[in-house]
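Reading through the structure tokens given below for one structure.
The values are calculated or read from the model by the stated rules, or taken from the named source; none is laboratory data. Computed from a predicted structure; not experimentally measured. Counting neighbours? That spans all protein chains shown, and the Cβs are built from the backbone with ideal geometry, glycine included. Keep in mind that these areas ignore ligands, DNA and RNA; they rest on the heavy atoms of the full protein, side chains included. Shrake-Rupley method; radii C 1.70, N 1.55, O 1.52, S 1.80 Å.
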Amino acid sequence: MTTTKFELVRNPFGRLVLTTGEGAVHEGVAAVRAFPVQAPEDGIALVSGDGKEVAWIDRIEDLPQEIGDLVREELAGREFMPEISRIVDVSGFATPCTWTVETDRGDTEFVLRGEEDIRRLTVDTLLISDIHGIHYLIRDVRELDKHGKKILDRFL
């Protein structure tokens, strides 16, 4: 259930300030998605600087426009998950190995530490973590070209 009695504003320093219905003020709150891939607009927690949840949002679209825009803006600034559109090459089939890929953020290379860093989220969706902890999303494996599917099959 959405915690509806709160106000959310951005202070002059660019930090989000949440004021609860009871008058408690939390400065520097962060928005965190519960299901960033499968339901990105649903289940958003607003957490304080010490990591405690101070408000819950079932759906962003249920919020007043101004607050919803602030939450979306905060999420966009916090998250970085390039989506892989093409696997160009891998340096080898033993890990660690370097992957050369095309993403929605441009071409890049990353190091895959081990096969366990490729997680299947659904039948066709994969999440790949590189050696630095950056997550790369393959939204639909069926949309990769034959070469990319062949490379993936070697690691799955």
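Among the residues that make up the range 47-68, is at least one of them of a type outside the set (A, V, I, L, M, F, W, C) and more than 30 Å from residue 7 (Cα to Cα)? If you could, list the steps in order and put the result at the bottom.
Quick first cut of the range 47-68, residues of a type outside the set (A, V, I, L, M, F, W, C) only: 48-53, 58-59, 61-62, 64-66, 68.
Add one more test, that the residue is more than 30 Å from residue 7 (Cα to Cα), and what stays is none.
No, the conditions are met nowhere in the range 47-68.
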Does at least one position in the range 65-72 carry a residue that is hydrophobic (A, V, I, L, M, F, W, C) and closer than 23 Å to residue 151 by Cα? no
Name every residue in the range 16-29 that is open to solvent by 20 Å² or more (accessible area, probe 1.4 Å) and either under 28 Å from residue 83 (Cα atoms) or out of contact with any strand residue (DSSP E or B) (no Cβ under 9 Å at 6 or more places or on another chain) (or both), in order of residue number. 22, 23
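Residues that are open to solvent by 70 Å² or more (accessible area, probe 1.4 Å): find the strands (runs of 3 or more DSSP E) completely inside the range 39-145 holding 2 or more of those. Before you say what the answer is, go through the steps one by one.
Numbers: elements: 42-47, 53-59, 84-90, 97-103, 106-112, 118-120, 126-129, 135-138.
Filter on the range 39-145 gives 53-59, 84-90, 106-112, 118-120.
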Do the conditions hold for residue 32, that is, is it in contact with a strand residue (DSSP E or B) (Cβ under 8 Å, 6 or more places away or on another chain), surrounded by fewer than 13 Cβ atoms within 10 Å (Cβ to Cβ) and either not in a loop (DSSP other than H, G, I, E, B) or not polar (S, T, N, Q) (or both)? no
